[in-house]
Structures are given as C-alpha cells and as structure tokens.
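A.B. asks: First, the structure itself, so that you have it in front of you.
The values are calculated or read from the model by the stated rules, or taken from the named source; none is laboratory data. Bear in mind the structure is a predicted one, so any value in this text is a computation, not a measurement. Neighbour counts run over all protein chains shown; Cβ positions are idealised from the backbone, glycine included. These area figures cover heavy atoms from the full protein model, side chains too; ligands, DNA and RNA do not enter into them. Shrake-Rupley method; radii C 1.70, N 1.55, O 1.52, S 1.80 Å.
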Amino acid sequence: MEKIIDEKKQGEALQLETSTNNGRQLYIESYGCQMNFSDSEIVASILANEGFNTTQNIQEADLVLVNTCSIREKAEQTIRKRLEKFNAVKKTNPKMKVGVLGCMAERLKSKFLEEERIVDMVVGPDAYKDLPNLVKEIDEGRNAVNVILSKEETYGDVAPVRLNSNGVSAFVSITRGCDNMCTFCVVPFTRGRERSRDPQSILSEIADLYQQGFKEITLLGQNVDSYLWYGGGLKKDFEKASELQQATAVDFAKLLDMVASSYPNLRIRFSTSNPQDMHESVLRSMAKHDNICKYIHLPVQSGSNRMLQAMNRLHTREEYFALIDKIREIIPDCAISQDMIAGFPTETEQDHQDTLSLMNYVKYDFGFMFTYSERPGTLAERKMEDDIPMEVKKRRLQEIIDLQMQHSHYRTKAHVGKTEEVLIEGTSKKSDTHWKGRNTQNTVVVFPKEDYKLGEFVNVKITDCTAATLIGEAVGYSKNN
Ligand code: SAH
Ligand code: F3S
C-alpha cells in the first residue's frame, strides 16, 4: 500500500517512547508504503520485549534496522546509499550491527550478505517474529537470514508500539500480500500471497487504540476490498473452505460495518482499493456510516484499455467509469485519488491521451504519479521491453502532474465557503500558530489554533485554498467531539 507517506517523512528515524532499559539501542528507519511504517511498529514491539530502546542517534545504536521498499528502482538506490552510510558508521562504532527488513530483504535475500557484505541480517516482511533468534545469531558473530513468506496473517497477536505517533491517528493492518499480479509490480513477490486477519484481532487492536485516545484509524492492505476472513488461510483457498466457513465469512464491507458501528466516535479510513475488487457493498457501508471517511484511493495506472490489459489490471476503462459513476451516485461528496504510471512498455501517444482524458472525466482530488520503473522478476520485465525513452516518460508524467494540479485546485475550490469537520492532527508545517488536520475527504485544512487542542474534532469554515490545502477558521466543536 503504497498510500504513500509524505516524502519528507520517508526515512525518518522513529523514537520509541515506552521501553524497558537494559542498555541496548535500536535505530529504525522506514521507507515506502504505510504498511512498512506500520510493520516497523510491530518490529519495535517485538524488540522492546528483548530489551531494546529506540534512539535517533545512529552513533549510539547497537542495532540499525532499515525497513525497505522495492517498488521502484529509485527507492532501492536511495536505500542502498543509506546502507552504505551505515556501513561506514560501523567503522567508528564497532558494536553496531545493521539489518535490512522489508521488500528489498525479500527480493535480494542472502545476496546482501554474500555479494554486497554491507549488512549483518536480512529479514523478510513475514519473518519479524523470528527477530529475537536472528539478533542472537548476529550477537554470536554469525550473519542471519529469514525470508520465509507465510500463509497466515503473521502479526495479529503483536500489539504494535506506536512510533513517532501524534496520538491521534494510527494504522491497523487487515490483509497482507497481494494476489493480483499486476505485470509491473514487485509486491506479490516481496510480500507473498494474500491473507486476511481475524476480525476479532482487528477489533481488539482498535479497542486498544480507542482506549489510548486515538481518534482515527486507517485500515491497511495492498488491496483492502479483497479482505476475506473465513477462519484463516490464503484468499485463493477460500473455495476449499467448508460450507459453514463460507457462509459465515467476513468480507470488507462487513468488516467496515463492524468497525464503524462498534466505534461511532472513531474516524475510519482505509487504503488501498483496487477497482477490480471494489463492490457496491463497500460503498453502501461507507454511505451508511458518518464515521467512515468519504475518500477512496482508487489507483488506475492508465486510461488506455490496451495498457490496462498489458498491466493485467482486470477491468476496462469503461468499467472504471461505471465504478466512478456508482461512487458519485452512492456517496456524492466522496473524494477520489489515483496512482498513475507514465511510459509502461509500448505506451503510445494515444494511450497517454487516453490517460489524460480519463483524468478529465474523473477530476481526481489528488494523485500519486510515477514514471514506469522496470522491476526484476515481474512479468513485464520478463516479457516486455522497457522501450519508452526516459525523456518521453518524463514528459508524459509532467503532463499528467500538470493536469492533476488543475483538477486538485478545481476540487479544493469547491470547499471554499463550506463549514467542514476537521480532526486536529498537528501543528501546521508553515506556521506554529496554526493547526493542521483533514476533512472527511482527506484534504488538509489549516486554521488558527485559538484554544483548540490536538485530537479535537472542530468545525472549520473554509475561506481560501491552494491546489493542495484548504485554509479556514474554526467556528466551534463538531458534534463528534
Ligand atoms: N495495491 C497497492 C499498490 C502498491 S504499489 C497499494 O496498496 O497501494 C503503489 C503504486 O506504485 C502503484 O499503484 C503504482 O502506481 C506504482 N508502481 C508500482 N510498481 C511500479 C513500477 N514498477 N513502476 C512505477 N510505478 C509503480
Ligand atoms: Fe501491486 Fe497490483 Fe497488488 S499494483 S500490490 S500487484 S494490486
């Protein structure tokens, strides 16, 4: 799920507040999607039980962990540079060990130890429970690797330690892996087959967050609409489940319903939706509950049917439009965002125009846009030539970004003059005297602090906007507060 974390947050060192102290220091950095940031909280929890505190000072770290992303080549290059930097720091801090976690660990496996020799430990996304053993191995001077992928939701029983948290919003993972096999995407190889988490364990994690005073949760999965709990096991084995298991299965619409009705004062978000798996029932659950935020991240990647097929996206442009129409009919005020890839193999100027015209139809509230990056092992890499020159990819990407800017501004302008409920999430980046939060549509709203406090629900009258931000003034608490 790359509902991608603010670029500036990438690689931020995370401070673990609550911990025991036997002197061992953990420094952990995360890159990529929200799931990685969420997984780092699981890692911190597992290692806190082994007596690790977190630190933001690399020089005093006993263990440096880098939770990595393989989605595009550039992400891997950035991380490789960081690993080289840590390797250099080791020379001045000989007790320090370095471990690589996440998707690069899974993709490159023991290559890291054998060829590159820049890390001591390689741990794939499903192997974090083995960290206590792996740390023992490296303590005893051996390299350690575990990149085994799992068939079960792996961390349902681990209570994540909330790292760098604002105490207001938190991630809760509900599925792992992905079965979709989009031809450009490395995720199915690095995160394995799709499996869902027991709804009871999801609800108990949310109960815990609620008790701690959290006000908003985001349900996370590579493909949340595909959530399906029937007693455990892989999504693809559902057909083999017993009749009773099938009859009592919980799908995503039902899960949303359960969470929203159990916690009417909690804001609920989710990410990411895949158009081919999103059913009307999910839209109905969203419409039924005020506390489910009216926002859908609905990546499409391209507006061309030929490209969609080559990417193995299992829907057409026309089906996507029908889904957009359905969303607008059932949830008229729903915000929608996109992911787009410019320059997939064989993409013509006409295919690119189809992407722009699709965008003109939807007028997304915002988007995450990339040039195509060939990933080793994917079907596209094996079967297709990466034949679009970089300057063409970049030019098309720029046209997509420019159009998105226009649409974003068109969308933000429509909020001006309205009064909207905002959850206060922190101080504005630009002004200490202003709060920032988001409305239900996920648009950032900035307003003077006055006497309002972090974590409060406030009604804000929107007076102005940029393409990305709404500017306003609080007019009182919302009924939710
Ligand atoms: N279903 C996932 C998608 C993960 S990847 C989710 O939860 O968001 C996030 C986005 O990265 C994709 O939607 C796609 O737009 C982009 N992406 C994935 N592989 C890519 C590649 N090889 N080159 C460029 N962009 C890519
Ligand atoms: Fe990747 Fe497609 Fe899954 S983009 S994460 S294979 S839905």
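A.B. asks: Mind counting the residues in the stretch 431-481 that are at pLDDT below 95, open to solvent by 50 Å² or more (accessible area, probe 1.4 Å) and over 22 Å from residue 270 (Cα atoms)?
C.D. replies: 1
A.B. asks: Let me ask something else. If the Cβ limit is 8 Å and pairs must be 6+ apart or interchain, which residue in the stretch 371-393 that is at positive phi pairs with which residue that is within 11 Å of ligand 1 (Cβ to nearest atom) and hydrophobic (A, V, I, L, M, F, W, C)?
C.D. replies: Note: pairs meeting the criteria are 377/186.
A.B. asks: Touching a residue at least 60 places away in the same chain (Cβ under 8 Å) and either out of contact with any helix residue (DSSP H, G or I) (no Cβ under 9 Å at 6 or more places or on another chain) or open to solvent by 20 Å² or more (accessible area, probe 1.4 Å) (or both): is that true of residue 110 in this structure?
C.D. replies: No, not satisfied.
A.B. asks: Only one of 425, 420 is more than 13 Å from ligand 1 (Cβ to nearest atom), within 22 Å of the chain's Cα centre (by Cα) and buried (at least 16 other Cβ atoms within 10 Å of the Cβ); which?
C.D. replies: Step by step, each of 425, 420 is checked, and only 425 is more than 13 Å from ligand 1 (Cβ to nearest atom), within 22 Å of the chain's Cα centre (by Cα) and buried (at least 16 other Cβ atoms within 10 Å of the Cβ).
A.B. asks: If you don't mind, there's one more thing I want to ask. Consider residue 378 against the criteria (1) within 26 Å of residue 270 (Cα to Cα); (2) open to solvent by less than 10 Å² (accessible area, probe 1.4 Å); (3) under 23 Å from the mean Cα position of the chain (by Cα): it satisfies all of them except one. Which criterion is unmet?
C.D. replies: Against the list (1) within 26 Å of residue 270 (Cα to Cα); (2) open to solvent by less than 10 Å² (accessible area, probe 1.4 Å); (3) under 23 Å from the mean Cα position of the chain (by Cα), residue 378 comes up short only on (1).
A.B. asks: Step by step: first the residues of the stretch 35-53, then only those that are open to solvent by 10 Å² or more (accessible area, probe 1.4 Å), under 25 Å from residue 85 (Cβ atoms) and of a type outside the set (A, V, I, L, M, F, W, C), then the one that is farthest from the chain's Cα centre (by Cα). Which residue is that?
C.D. replies: Going through the qualifying residues, I end up with 53.
A.B. asks: Keeping to the stretch 182-197, report how many residues are surrounded by fewer than 22 Cβ atoms within 10 Å (Cβ to Cβ) and either among the aromatic types (Phe, Trp, Tyr) or modelled with pLDDT under 95 (or both).
C.D. replies: So the answer is 3.
A.B. asks: Additional query: Of the residues that make up the stretch 156-165, is at least one surrounded by fewer than 19 Cβ atoms within 10 Å (Cβ to Cβ), away from ligand 2 (no atom under 16 Å from the Cβ) and within 28 Å of residue 440 (Cβ to Cβ)?
C.D. replies: Yes; the residues of the stretch 156-165 include at least one that is surrounded by fewer than 19 Cβ atoms within 10 Å (Cβ to Cβ), away from ligand 2 (no atom under 16 Å from the Cβ) and within 28 Å of residue 440 (Cβ to Cβ).
A.B. asks: Sort through 149, 163, 234 and tell me the only one that's away from ligand 1 (no atom under 16 Å from the Cβ), out of contact with any helix residue (DSSP H, G or I) (no Cβ under 7 Å at 6 or more places or on another chain) and under 22 Å from residue 30 (Cα atoms).
C.D. replies: Testing whether each residue is away from ligand 1 (no atom under 16 Å from the Cβ), out of contact with any helix residue (DSSP H, G or I) (no Cβ under 7 Å at 6 or more places or on another chain) and under 22 Å from residue 30 (Cα atoms) leaves just 149.
A.B. asks: Given the options 402, 386, 351, name the one that is at pLDDT 95 or above and touching a Ser or Thr at 6+ places or on another chain (Cβ under 8 Å).
C.D. replies: It is 351.
A.B. asks: In addition: Count, please, the residues in the stretch 285-310 that happen to be more than 16 Å from ligand 1 (Cβ to nearest atom), under 30 Å from residue 383 (Cβ atoms) and touching a residue at least 12 places away in the same chain (Cβ under 8 Å).
C.D. replies: Summing the residues that are more than 16 Å from ligand 1 (Cβ to nearest atom), under 30 Å from residue 383 (Cβ atoms) and touching a residue at least 12 places away in the same chain (Cβ under 8 Å) in the stretch 285-310 gives 2.
A.B. asks: Which condition number in (1) of a type in the set (A, V, I, L, M); (2) within 16 Å of ligand 2 (Cβ to nearest atom); (3) open to solvent by 10 Å² or more (accessible area, probe 1.4 Å) is the one that residue 220 fails?
C.D. replies: Single failed check for residue 220: (3).
A.B. asks: Can you pull out every residue in the stretch 374-397 that is under 30 Å from residue 469 (Cα atoms) and within 12 Å of ligand 1 (Cβ to nearest atom)?
C.D. replies: Within the stretch 374-397, 393, 397 meet the criteria.
A.B. asks: Among the residues of the stretch 353-383, which ones are closer than 17 Å to residue 395 by Cβ and touching a Pro at 6+ places or on another chain (Cβ under 9 Å)?
C.D. replies: The one that is closer than 17 Å to residue 395 by Cβ and touching a Pro at 6+ places or on another chain (Cβ under 9 Å): 372.
A.B. asks: Being crowded, with 19+ Cβ neighbours inside 10 Å, over 27 Å from residue 291 (Cα atoms) and touching a strand residue (DSSP E or B) at 6+ places or on another chain (Cβ under 9 Å) is the filter here, so list the residues in the stretch 166-181 that pass it.
C.D. replies: 177
A.B. asks: Further, regarding this structure: Count, please, the residues in the stretch 335-373 that happen to be of a type outside the set (Ser, Thr, Tyr), open to solvent by 10 Å² or more (accessible area, probe 1.4 Å) and near ligand 1 (Cβ under 9 Å from one of its atoms).
C.D. replies: Of the residues in the stretch 335-373, 5 are of a type outside the set (Ser, Thr, Tyr), open to solvent by 10 Å² or more (accessible area, probe 1.4 Å) and near ligand 1 (Cβ under 9 Å from one of its atoms).
A.B. asks: If residue 308 satisfies every condition in (1) more than 22 Å from the chain's Cα centre (by Cα); (2) under 25 Å from residue 73 (Cα atoms); (3) open to solvent by 30 Å² or more (accessible area, probe 1.4 Å) but one, which is the exception?
C.D. replies: Status for residue 308: all satisfied but (3).
A.B. asks: Hey, residue 330 hits all of (1) within 24 Å of residue 345 (Cβ to Cβ); (2) away from ligand 2 (no atom under 16 Å from the Cβ); (3) out of contact with any Gly (no Cβ under 9 Å at 6 or more places or on another chain) but one; which does it fall short on?
C.D. replies: (1)
A.B. asks: Continuing with the same structure: Within the set of pairs 6+ apart or on separate chains, which have a first residue in the stretch 33-51 that is without any contact (Cβ under 8 Å) to a residue 60 or more places away in the chain, a second that is crowded, with 20+ Cβ neighbours inside 10 Å and among the β-branched types (Val, Ile, Thr), and C-beta atoms under 9 Å apart?
C.D. replies: Correct list of pairs: 33/71; 33/187; 33/272.
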